[in-house]
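Some notes on the structure that comes next.
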Amino acid sequence: MLVHPEIALHNNPVELGARQRVRKQDVSLQACKAKGLAAWDTFQSLVETAKKLGVNIYRYLYDRVSGQNKLPGLASLIAQKAAGLNLGQSWQRVGTG
């Protein structure tokens, strides 16, 4: 029995996101330091998340860097989107594995 039957049995979107990161490494010959790699990972994660939520990443970053904070945070947008998906009772359980 599947615990979350609403989830596809493949993870192709996740693999495509990871493939983009690896391709960037190949083209750029990687970053020289661990902090550079961490920064790349952070930015690519932000860009992909914003893209999936339909958020303009340039406006979002400007909003945050400028301190305006007029746009909603990505975490709240993710929560709103998840609430609208009607994922079923299996997502309501807390503390079960």
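Values in this text are rule-based calculations from the coordinates and carry no lab data. All of these numbers come straight from a predicted model, not from anything done at the bench.
Some values worked out for this structure:
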| quantity | calculated |
| --- | --- |
| Lysines with Cα under 28 Å of LYS81, excluding same-chain neighbours fewer than 8 positions away | LYS51, LYS52, LYS70 |
| Linear extension gain, ALA75 paired with LYS51, 0.36 nm per residue minus alpha-carbon span | 7.3 nm |
| Difference of contour (0.36 nm per residue) and Cα-Cα distance, VAL3 to ALA34 | 7.4 nm |
